[in-house]
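The next block holds one structure in the form of structure tokens; read it before the comments.
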Amino acid sequence: MREALWRFARLVAATATEAWPDVRPHAEIIDIFALSVVGMLERVVVEKQGGRLDVPMDHLIDYCAAFAGASLCAVYSGQIAQLTTD
């Protein structure tokens, strides 16, 4: 399971990197972003399947996409980069 989630995180990271090809944040920021998105999706799906999250699937998709998009914008706008030191 962890390996599958890791591979999915690699796909998310690659997609995020392609979003703005002229900007290259630290690799660690992209890795943490990708793992955060995968973790969010994993929890939402588990809770939805377990009956604890009574939200229509189309709303879940919209919310998760909005959260991931907002995080990605923060990464590429430099809001996250200022937290790191080399």
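The values are calculated or read from the model by the stated rules, or taken from the named source; none is laboratory data. Note that the coordinates shown come from a computational prediction; the quantities given were computed from them, not determined experimentally. Here the Cβ positions follow ideal geometry from the backbone for every residue, glycine too, while neighbour counts run over all protein chains shown. Note: accessible area is taken over every heavy atom of the protein model, side chains too, but ligands, DNA and RNA are not part of it. Shrake-Rupley method; radii C 1.70, N 1.55, O 1.52, S 1.80 Å.
Here are the numbers for this structure:
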quantity: Using alpha-carbon coordinates, inclination of helix 2-19 to the longest axis of the chain, degrees; calculated: 50
quantity: Carbon + sulfur, % of accessible area of the chain - ligands and nucleic acids excluded, 1.4 Å; calculated: 61
quantity: Inter-label distance, nm, simple model (7 Å from Cα along the C-beta direction), residue 26/residue 61; calculated: 3.5
quantity: Compactness relative to 2.2 N^0.38 Å, alpha carbon Rg of the chain; calculated: 1.18
